[in-house]
Amino acid sequence: MMRVRKLIIADSGILFSLYPNGVRAFNDALITDLEGSLVRGIPDDKPCRGVPLLAYDADADIFQKIQLRDNTEYEFAIELPLTANAFLEACEENPIFPFSNSGLKHIVKFNGPDSCTELQGGRYRVTGRFNFENSAGTAYLDIEVEQGTSISIPVEVLTQKLDYYEEFQQLLHQISEYSASLLIRFDNATETAFGVSTDNETSPMAELMAFRRLFRNGRLTNYVREIINNPSSKISSVIAKENAAFATNPDWATLAQSAIDYDFMKGGVLKDSFSGHTPLTLPERRIKTSYDTKDNRFVKTSLMLLRERLQHLKRRMPKKYEASHNAMYSWSEELDAILFHPFWQEIGTSEEFPNSMVMANRKGYREFMMFYLAFGLSIKLESENTLLAVGGDIKPVFHLYEMWCYLMMHDLLCHLTDSTGDPELSFMNRDREFMKDLISKNDKPIKFLYTHDDKQVILHLYYNKDFNLIDDKSTQWADSYSGVFNPDVSISMEMNGIVHWLHFDAKYRLDLSKWKSELSGDDIISSFKREDIHKMHTYRDAVLGTRGSYVLYPGSERINELYVRNPNKTYRDSNLMPSVGAFPLKPTETDVQSEQLDCISQHIQSCLHTLIDNEFNYKEEYGLN
């Protein structure tokens with residue numbers, strides 16, 4: 001990968017230049033070929049920390065070669081083989097001409113007429129800028145003047161707060177995998193399970209990423225191997241015609257009912273029982289074990305659908321992505337090796353989801369089911385139109401992070417109460433708006449029961465609950481006394497008719513060191529999301545009954561920052577509320593994520609125990625004592 005100060009793409013008479021905002025001069029003598037004469041650039045040799053402003057990776061296959069970053073403004077200049085009049089006429093039909101991707105209409109901003117220039121030879125130059133803000137993924141800056149005169153410009157927009165290649169992909173995977181675990185409990189898994197079809201809703205690159213997660217670390221093969229080693233089976237009784245000399249378990253009732261189907265001889269040892277004849281063959285009842293069960297049929301059908309989709313992807317993927325084709329060839333061989341196992345020969349195919357205890361509980365089957373459903377849901381997540389900020393596979397990372405935080409908090413309360421909540425978290429999949437239906441903004445919470453010292457507390461988990469302005473009839477310490485507020489995640493704790501609240505706001509952009517500097521009044525470090533800090537205090541003070549208001553942010557730390565609202569140091573040292581603070585919570589495959597969740601869980605549990613020990617009594621403005 002090469003960091004560049006300026007990128008230039010030339011093809012079909014079109015010249016496209018791209019560079020980060022703020023650069024005022026270039027030394028064109030430094031321009032070098034990055035990929036032949038079609039793609040050129042000026043290398044950037046200055047030291048860089050974190051995600052580069054602009055980079056070009058000639059060896060990229062799964063991700064795009066042109067790499068930008070979120071929350072960064074870029075300037076562009078486009079030279080077109082058009083006159084000024086022809087350009088203006090084209091703009092009448094397409095407001096963002098010459099860009100052909102209509103999804104860019106809210107991203108691209110063109111400079112005024114003074115910045116446009118008519119060049120010699122009937123050419124025209126237009127300039128502008130764009131900023132993907134808090135979104136990440138693949139976007140298409142394709143330019144089309146007319147049919148046959150165009151440039152394809154796919155770009156990868158990387159996140160600065162999450163490692164794009166690992167943590168951002170893990171964020172998408174965990175949302176899908178957690179949703180898959182919920183799906184297993186419900187009958188409506190059928191549509192998603194068999195929805196892994198070969199449609200063209202998802203871009204080849206996004207689908208390639210889903211397959212990459214599916215085959216990573218050989219987990220798929222391991223789950224299938226576990227199934228083959230301990231398969232579900234069914235016992236059946238069959239009647240076979242056996243030589244009388246070798247029959248060990250003859251079925252005399254069957255012989256009496258269908259004697260014409262068997263051979264007899266005159267005389268013999270059984271002549272007294274069969275009117276002077278003895279059977280030469282007998283019906284023998286045998287017990288047969290069959291592996292042609294609905295569970296195994298589902299697994300086989302799922303594997304066949306995956307192979308079909310992979311073959312379809314290979315046809316869609318441009319041939320120039322050689323490394324991607326090599327990866328797909330390897331995955332195809334892995335699927336073939338699984339399906340060619342003799343175990344599958346006697347097993348049929350399935351057209352329905354097997355809502356069985358085997359799929360839900362048996363080792364191998366449950367893991368395969370979750371893995372397969374997660375793959376299908378990740379495909380839906382990639383193609384979910386309601387989440388696309390611009391044409392392509394761009395996702396608003398802040399919204400995905402907020403949603404992921406809610407799912408993690410749901411999982412946390414499930415473990416804390418050893419239950420699934422009431423009602424169980426689910427979503428209906430029928431209108432294909434997966435993420436809209438997974439978590440909808442409403443005041444219908446999920447209820448949990450927590451018990452400590454034989455005392456029971458009712459917990460309610462909310463997503464984006466509105467805390468409305470109280471009226472003259474209000475008596476409860478709930479809602480707001482000054483306005484309407486809606487934290488991302490809220491937990492109510494109720495005992496003896498008394499309700500207390502904890503709020504969590506997902507802040508994808510928060511930087512802990514700068515956040516602490518804001519709290520301490522350190523002006524040396526520049527302001528960073530000051531409103532996030534103020535909002536935590538606002539929730540704590542404006543929403544009645546609030547005992548804690550906390551930020552969730554994607555940091556790598558394993559400890560939290562907590563500030564207890566009390567002037568007495570003795571109180572602060574022995575109590576966790578009322579308080580504001582920040583908890584790191586980052587999507588990762590390492591043990592960091594589980595340790596961070598444990599920290600949040602321990603805090604919630606400590607708050608519960610403190611309130612329970614005080615019979616849930618609490619004096620506003622004074623605290624527990």
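Laid out as a table, the results:
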read-out	value
Condition met for Leu562 (in a strand (DSSP E or B) and either under 23 Å from the mean Cα position of the chain (by Cα) or farther than 20 Å from His460 by Cβ (or both))	yes
Residues (among the aliphatic types (A, V, I, L, M), touching a residue at least 60 places away in the same chain (Cβ under 8 Å) and either outside any strand (DSSP E or B) or open to solvent by 10 Å² or more (accessible area, probe 1.4 Å) (or both)) located in region 573-593	Leu585
Region 343-366 - residue that is within 30 Å of Arg315 (Cβ to Cβ) and out of contact with any Lys or Arg (no Cβ under 7 Å at 6 or more places or on another chain) and, of those, modelled with the highest pLDDT	Phe343
Of all residues in region 481-518 being among the small types (Gly, Ala, Ser) and modelled with pLDDT under 75, the one that is nearest to the chain's Cα centre (by Cα)	Ser513
Every residue from region 135-159 that is modelled with pLDDT under 85 and surrounded by fewer than 23 Cβ atoms within 10 Å (Cβ to Cβ)	Thr138, Gln147, Gly148
Test for Glu92: is it open to solvent by 60 Å² or more (accessible area, probe 1.4 Å), of a type outside the set (Ser, Thr, Tyr), outside any strand (DSSP E or B) and free of Cβ contacts under 8 Å to residues at least 60 places away in the same chain	yes
Neighbours by Cβ (under 6 Å, 6+ apart or cross-chain): first from region 332-348, farther than 12 Å from Ile228 by Cβ; second part of a helix (DSSP H, G or I) and at pLDDT below 95	Ser332/Leu310; Leu335/Arg307; Gly348/Arg297
Exclusive hit being out of contact with any Cys (no Cβ under 8 Å at 6 or more places or on another chain), under 23 Å from Asp251 (Cβ atoms) and of a type in the set (Asp, Glu), set Glu284, Glu333	Glu284
Among the residues listed as Glu531, Glu557, Glu595, the single one being out of contact with any Asp or Glu (no Cβ under 7 Å at 6 or more places or on another chain), at pLDDT below 80 and of a type outside the set (Lys, Arg)	Glu531
Test for Leu104: is it in contact (Cβ under 8 Å) with a residue 24 or more places away in the chain, open to solvent by 40 Å² or more (accessible area, probe 1.4 Å) and among the hydrophobic types (A, V, I, L, M, F, W, C)	no
Residues satisfying the stated conditions in region 303-330, i.e. among the small types (Gly, Ala, Ser), under 23 Å from the mean Cα position of the chain (by Cα) and surrounded by fewer than 19 Cβ atoms within 10 Å (Cβ to Cβ)	Ala327
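Residue by residue, here is whether (1) under 26 Å from Arg362 (Cβ atoms); (2) open to solvent by less than 40 Å² (accessible area, probe 1.4 Å); (3) more than 26 Å from the chain's Cα centre (by Cα); (4) of a type in the set (Phe, Trp, Tyr) holds:
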| site | (1), (2), (3), (4) |
| --- | --- |
| Ala253 | no, no, yes, no |
| Gly268 | no, yes, yes, no |
| Pro283 | no, yes, yes, no |
| Thr301 | yes, yes, no, no |
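The values are calculated or read from the model by the stated rules, or taken from the named source; none is laboratory data. Just so it is clear, the model here is predicted, and its values are computed rather than measured. Glycine also receives a Cβ, built like all others from the backbone with ideal geometry; neighbour counts cover every protein chain displayed. The area values use the complete protein model at the heavy-atom level, side chains included, leaving out ligands, DNA and RNA. Shrake-Rupley method; radii C 1.70, N 1.55, O 1.52, S 1.80 Å.
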